[in-house]
Amino acid sequence: MLISKFLEVVEEIAPRGSALEDDLPWTNKVYFGNPEQELSGVAVSWMATCDVIQKAASSGCNLLIVHEDLFYHVETEHDKVSEEKKVPNIKRKKLLEKANIVVY
(Lines give C-alpha, C1' and ligand atoms only; values in the text may rest on other atoms or scores of the structure.)
Protein backbone atom coordinates (compact mmCIF):
# COMPACT_ATOMS: atom_id res chain seq x y z
CA MET A 1 0.00 0.00 0.00
CA LEU A 2 1.24 3.49 -0.79
CA ILE A 3 1.83 5.82 2.14
CA SER A 4 -0.59 8.30 0.55
CA LYS A 5 -3.35 5.65 0.53
CA PHE A 6 -2.66 4.79 4.17
CA LEU A 7 -2.90 8.48 5.06
CA GLU A 8 -6.25 8.68 3.26
CA VAL A 9 -7.53 6.00 5.67
CA VAL A 10 -6.10 7.91 8.63
CA GLU A 11 -7.85 11.06 7.45
CA GLU A 12 -11.15 9.18 7.08
CA ILE A 13 -10.90 8.31 10.77
CA ALA A 14 -9.60 11.75 11.81
CA PRO A 15 -10.58 14.25 9.09
CA ARG A 16 -8.53 17.41 8.71
CA GLY A 17 -11.61 19.49 9.53
CA SER A 18 -12.06 17.77 12.89
CA ALA A 19 -9.29 19.77 14.59
CA LEU A 20 -10.13 22.30 17.26
CA GLU A 21 -10.69 25.85 16.08
CA ASP A 22 -7.49 27.09 17.67
CA ASP A 23 -5.30 24.31 16.24
CA LEU A 24 -2.53 25.53 14.00
CA PRO A 25 -3.36 25.57 10.28
CA TRP A 26 -0.40 23.38 9.24
CA THR A 27 -1.42 20.32 11.24
CA ASN A 28 -2.43 17.03 9.58
CA LYS A 29 -0.25 17.09 6.49
CA VAL A 30 2.88 15.55 5.05
CA TYR A 31 5.73 17.64 6.45
CA PHE A 32 8.52 15.81 4.71
CA GLY A 33 9.17 13.11 2.15
CA ASN A 34 7.43 11.45 -0.76
CA PRO A 35 4.15 9.75 0.21
CA GLU A 36 3.96 8.04 -3.19
CA GLN A 37 6.12 5.12 -2.04
CA GLU A 38 5.23 1.75 -0.59
CA LEU A 39 4.55 1.75 3.13
CA SER A 40 6.97 -0.49 4.99
CA GLY A 41 6.09 0.44 8.56
CA VAL A 42 4.63 3.17 10.76
CA ALA A 43 6.18 4.78 13.83
CA VAL A 44 4.30 7.22 16.06
CA SER A 45 5.95 9.70 18.38
CA TRP A 46 5.36 12.95 20.18
CA MET A 47 8.35 14.55 18.41
CA ALA A 48 10.59 13.62 15.50
CA THR A 49 13.85 13.83 17.40
CA CYS A 50 17.01 12.48 15.80
CA ASP A 51 16.81 9.46 18.12
CA VAL A 52 13.21 8.74 17.09
CA ILE A 53 14.07 9.07 13.39
CA GLN A 54 16.98 6.64 13.79
CA LYS A 55 14.81 4.14 15.70
CA ALA A 56 12.07 4.36 13.06
CA ALA A 57 14.62 3.75 10.30
CA SER A 58 16.27 0.83 12.10
CA SER A 59 12.83 -0.70 12.66
CA GLY A 60 12.01 -0.55 8.95
CA CYS A 61 9.44 2.24 9.25
CA ASN A 62 9.20 4.75 6.44
CA LEU A 63 6.25 6.71 7.85
CA LEU A 64 6.61 8.71 11.05
CA ILE A 65 3.46 10.28 12.50
CA VAL A 66 4.24 13.00 15.04
CA HIS A 67 2.34 15.51 17.13
CA GLU A 68 4.83 18.38 17.28
CA ASP A 69 6.24 20.38 14.37
CA LEU A 70 9.04 18.66 12.51
CA PHE A 71 11.40 21.63 12.37
CA TYR A 72 12.19 24.38 14.87
CA HIS A 73 10.91 27.65 13.49
CA VAL A 74 10.71 29.91 16.53
CA GLU A 75 12.92 32.98 16.54
CA THR A 76 13.82 34.75 19.74
CA GLU A 77 15.60 37.99 20.45
CA HIS A 78 18.84 36.03 20.81
CA ASP A 79 18.20 33.47 18.06
CA LYS A 80 17.91 35.04 14.62
CA VAL A 81 19.01 31.91 12.68
CA SER A 82 16.64 30.96 9.86
CA GLU A 83 14.78 27.63 10.06
CA GLU A 84 16.90 25.91 7.39
CA LYS A 85 20.15 26.84 9.20
CA LYS A 86 19.18 25.60 12.67
CA VAL A 87 21.44 22.65 13.55
CA PRO A 88 18.64 20.32 14.81
CA ASN A 89 16.70 20.93 11.58
CA ILE A 90 19.73 20.14 9.42
CA LYS A 91 20.38 16.91 11.35
CA ARG A 92 16.75 15.80 11.16
CA LYS A 93 16.53 16.49 7.44
CA LYS A 94 19.71 14.50 6.72
CA LEU A 95 18.46 11.51 8.73
CA LEU A 96 15.05 11.60 7.06
CA GLU A 97 16.55 11.85 3.58
CA LYS A 98 18.98 9.00 4.26
CA ALA A 99 16.22 6.70 5.52
CA ASN A 100 13.62 7.90 2.96
CA ILE A 101 11.09 8.57 5.75
CA VAL A 102 7.85 10.48 5.32
CA VAL A 103 6.74 12.62 8.25
CA TYR A 104 3.05 13.32 8.83
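Pairs from the table (Lys5/Lys29; Lys5/Lys93; Lys5/Lys94) lying more than 19 angstrom apart at Cα are Lys5/Lys93; Lys5/Lys94. The accessible-area ordering, largest first, of the residues Ser18, Ser58, Ser82 stands as Ser58, Ser18, Ser82, per a 1.4 angstrom probe.
The values are calculated or read from the model by the stated rules, or taken from the named source; none is laboratory data. No experiment lies behind these values; they were computed from the predicted model shown. Protein only, heavy atoms only, side chains kept; ligands, DNA and RNA dropped before computing areas. Shrake-Rupley method; radii C 1.70, N 1.55, O 1.52, S 1.80 Å.
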